[in-house]
Structures are given as structure tokens and as C-alpha cells.
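The values are calculated or read from the model by the stated rules, or taken from the named source; none is laboratory data. No experiment lies behind these values; they were computed from the predicted model shown. Cβ: placed from backbone, ideal geometry, glycine included. Neighbour counts: every protein chain shown. Keep in mind that these areas ignore ligands, DNA and RNA; they rest on the heavy atoms of the full protein, side chains included. Shrake-Rupley method; radii C 1.70, N 1.55, O 1.52, S 1.80 Å.
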Amino acid sequence: MLARHRIDERLWRESTRALPFLGALSADERRRLRDQALLFLAEKQFSGARGLRVTDAMRVSIAAQACLPVLELGLDAYAGWSGVVVYPGDFRVRVAETDDAGVVHEFDDERAGESWPGGPVILSWDAARHAPDMNVVIHEFAHKLDMANGEADGLPPLPPGMDRRVWREAFRIAYEGFCDAVERGRQTWLDPYAAEHPGEFFAVLSEMFFIDAAQTRQRYPDVYDQLKLFYRQDPASRAAP
């Protein structure tokens, strides 16, 4: 595949221009990211919803962002599913929640992204291209990594050499402190949505690990160290673009 095909240089530049965090990658990392994006595009099937035509530029942009978390892990980390569905904007999903009394409440929830176990990743293109302080693509693909061993619970399959107890403790302390700040109505650096569930906390911090690594390392040093080991990358140490 890599010997016979490539992503056009102009298309790659145009598709990744709005992703400044990619600018800090080394030349070798950029080359490998581009190669992985090409393989990702060959393996995954893109489809538009609500009449959206998914252009080559949209596909390449999503592929580049999706491949950044697995740059050192390899595309096999995304095995077992093939669909990427892109909506023009936020979309509604039917949600059922059970309260403390055991009563089930159903309602429509508006979302910018969603990941299904064994199923597709669903994205809002408007959110993917117009949200500089978040990254819905990395967020949803972090959920996919988390789901590799079951529920998205904030504890993905860890590579050899990582200690689950250290991971759990680093994330527990950070998550409990963050939830306390949200409950007290304090202004938080992270999106308050991260307090919804440990799985969301992991996905939101994964976003920030890649798009604002220096702040992530400063504010959550122990969690940063765990993410550095998990993703096998140290984005805060890269030269500024």
C-alpha cells in the first residue's frame, strides 16, 4: 500500500493546516503519521450523515488526528471495527439513565461525537474543525482505545511494563479532585464534562495531552506521566512549532 499510494502533498498540507499541534512533530514523526493516515483511510469506511458529502480533505484531517494517539502503538489498536460516520454538526442520540431510585429516564442528548463498542466512531464535522480548545476526534478515538478491553471506564489495556495500580491511583486522585472542583462551582481548566465519568476524564485528558501538553504536564503531572507511558509519546518535550 505505502509503495503504491501516497497522500497528495497539497491535500495533506491543506487538511492539517488547522491542526497546529502537529507542527511540533519531528520530520520522522510527520512521515510516519502520514503513512499511518494513508493506511487508516484504506482500512476505515467513511460515510456522511444528513446529506453531508465527506470530502478528501475531511477524511485526511480526521485520519491525521485519529492516528496521532496510535503513532507509536500502531493501527492494530483500532482493529475490530471499520466505520467513521460524519455529521455536519452536533447530533442527537436517545439516552436512557437509571436514577438512584431505579427509575429509568429517557431523553435526547445533543453530542459532538460518540463511539460504539465494536461499531463506528461518529463525529460532528463542525466540532472537529471549529473547536481549538478541544479535539473531538482524539476524544472519541481515545474512547476506542479504552473500549479495547470492554467498557470505556478510563482504564484501557496497558502495555507491558505499566502498573495498573499506579495508573488507577494517579487517575483516581486527579479525577476526585476535579469532580470536587466542579461540584463546588469552581472554574476549571478542563471541560466540566470530564467529571461525568472516569472514561470521559481519560478521553478529555487524552485530548489535552496532545493539543496542550505543557499545561497538562503542569496541572496533572502524575496523569501526564501515565499517558506518556501509555501513548509512548512525550508531546510536552517536543519543540514548539
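Structure notes:
- Selection status of L33, open to solvent by 30 Å² or more (accessible area, probe 1.4 Å) and either in a helix (DSSP H, G or I) or within 25 Å of A148 (Cα to Cα) (or both): no
- If you go through the stretch 13-28 and keep only what is open to solvent by 30 Å² or more (accessible area, probe 1.4 Å) and part of a helix (DSSP H, G or I), you end up with R13, E14, P20, F21, G23, A27, D28.
- Residue ranges of strands (runs of 3 or more DSSP E) in the stretch 84-126 with at least 1 members more than 22 Å from A64 (Cβ to Cβ), at pLDDT below 70 and in contact with a strand residue (DSSP E or B) (Cβ under 6 Å, 6 or more places away or on another chain): 91-98, 104-111
- Selection of the stretch 199-241 for residues being closer than 19 Å to C67 by Cα, in a helix (DSSP H, G or I) and not aliphatic (A, V, I, L, M) yields F202, S206, E207, F209, F210, K228, F230, Y231, P235.
- A Cβ distance below 8 Å, combined with a sequence gap of six or more or placement on separate chains, defines the contacts here; from the stretch 181-195, residues that are assigned to a helix (DSSP H, G or I) reach residues that are polar (S, T, N, Q) and open to solvent by less than 40 Å² (accessible area, probe 1.4 Å) in the pairs A181/T188; V182/T188.
- F178 satisfies every condition listed in (1) open to solvent by less than 20 Å² (accessible area, probe 1.4 Å); (2) touching a residue at least 40 places away in the same chain (Cβ under 8 Å) except (2).
- Extreme residue, nearest to W189 (Cα to Cα), among residues of the stretch 202-230 that are of a type in the set (D, E, K, R) and open to solvent by less than 60 Å² (accessible area, probe 1.4 Å): D212
- S61 being buried (at least 19 other Cβ atoms within 10 Å of the Cβ), of a type in the set (S, T, Y), modelled with pLDDT of 95 or more and within 21 Å of A203 (Cα to Cα): yes
- Test: I173 is hydrophobic (A, V, I, L, M, F, W, C) and open to solvent by 70 Å² or more (accessible area, probe 1.4 Å): yes
- Check on D146, in contact with a Phe, Trp or Tyr (Cβ under 9 Å, 6 or more places away or on another chain), closer than 18 Å to P69 by Cβ, among the acidic types (D, E) and surrounded by 15 or more Cβ atoms within 10 Å (Cβ to Cβ): yes
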